[in-house]
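> First, the structure itself, so that you have it in front of you.
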Amino acid sequence: MKLIPLPAFQDNYLWLLHDGQRALVVDPGDAAPVQAYLAGHGLRLDAILVTHHHPDHVGGVDALREATGARVWGPARERIPQPFQPLAQGDSVDVLGLRFEVLDVPGHTAGHIAYFTRDADGAPLLFCGDTLFSAGCGRLFEGTPAQMYASLAKLAALPGPTRVCCAHEYTLSNLKFATAVEPGNARLAEYRQQCEQRRSRGEPTLPSTIALEGDVNPFLRTRQPAVARAAHGYDGADEADPVAVLAALRQWKNEFR
Ligand SMILES: [Zn+2]
Ligand SMILES: [Zn+2]
């Protein structure tokens, strides 16, 4: 299976997975780059997987469904372009010979879902939309810090080698913030340097992995004393309460330049 991040808009990635003949796409906010890739590689689109309802994730769904006949799956609790197969925690989707397990990950939006699978060779893979970013997490548009905390904990519990396919290239901006939170984290400094090099060559920083995010992502490190202390320094958050720490980090990031 080939995993391709198709750049779209300012900083979106439309993730495409294919076996040389059949393809699936996750969160096609724009149909054009997907259609160009399918045509250029002689692929048939079998499935469209949607994580949440924002326009930069569903804008190309109708055009792709019409042009290819692909089936569409999406979150049961959100309004996405009909018709689609509604999914929630515990459901699974069988496409391209793979089984995708559905995880409810509310916080960025109320009904956000993520898709976890194992590739034909067993390598784990996650499509997490705007919930988990490399070194960051999504804004809380519709959910609470407690929901986002639980959603991130669910993703952090996936196998360490899981490739993390986030929907935006926000990594450098997130790493700048993460460094302000945890200036003494050597792994973070090293990763930031790698990502700066990749971006200067015009390459994506993604996919990341769950193990790497556990080492560098402050939103997954709310129980680390240095992270909790920084959150306390920002707004007096209770260092022993990881939800309060996450809430402080999210607010701090919103204001961070
Ligand atoms: Zn979004
Ligand atoms: Zn988005």
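> Taking the residues in segment 104-126 that are out of contact with any Asp or Glu (no Cβ under 6 Å at 6 or more places or on another chain) and open to solvent by 20 Å² or more (accessible area, probe 1.4 Å) as candidates, determine which candidate is nearest to L87 (Cα to Cα).
D104
> Which condition breaks for T222 when tested against (1) polar (S, T, N, Q); (2) assigned to a helix (DSSP H, G or I); (3) touching a residue at least 60 places away in the same chain (Cβ under 8 Å); (4) crowded, with 20+ Cβ neighbours inside 10 Å?
(2)
> Any residue in segment 109-121 that is within 23 Å of D56 (Cα to Cα) and away from ligand 1 (no atom under 16 Å from the Cβ) sitting within a Cβ distance under 9 Å of a residue that is of a type in the set (A, V, I, L, M, F, W, C) and not in a loop (DSSP other than H, G, I, E, B)? List the pairs, counting only those 6 or more apart or interchain.
Correct list of pairs: F116/F100; F116/V102; F116/L103; F116/L125; F116/L126; F116/F127; F116/C128; F116/L155.
Yes or no, residue by residue, for (1) farther than 29 Å from P75 by Cβ; (2) more than 16 Å from ligand 1 (Cβ to nearest atom); (3) surrounded by fewer than 23 Cβ atoms within 10 Å (Cβ to Cβ):
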{"residue": "A135", "(1), (2), (3)": "no, yes, no"}
{"residue": "R139", "(1), (2), (3)": "no, no, yes"}
{"residue": "V181", "(1), (2), (3)": "yes, yes, no"}
{"residue": "P207", "(1), (2), (3)": "no, yes, yes"}
{"residue": "L212", "(1), (2), (3)": "no, yes, yes"}
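> Report the residue count in segment 5-28 for those that are open to solvent by less than 40 Å² (accessible area, probe 1.4 Å), within 12 Å of ligand 2 (Cβ to nearest atom) and either more than 14 Å from the chain's Cα centre (by Cα) or β-branched (V, I, T) (or both).
2
The values are calculated or read from the model by the stated rules, or taken from the named source; none is laboratory data. Model, not experiment: these values are computed from the prediction. In this analysis, Cβ positions are derived from the backbone assuming ideal geometry, glycine residues included, and neighbour counts consider all displayed protein chains. For the accessible areas, the whole protein counts, side chains as well, though only heavy atoms, and no ligand, DNA or RNA atoms are used. Shrake-Rupley method; radii C 1.70, N 1.55, O 1.52, S 1.80 Å.
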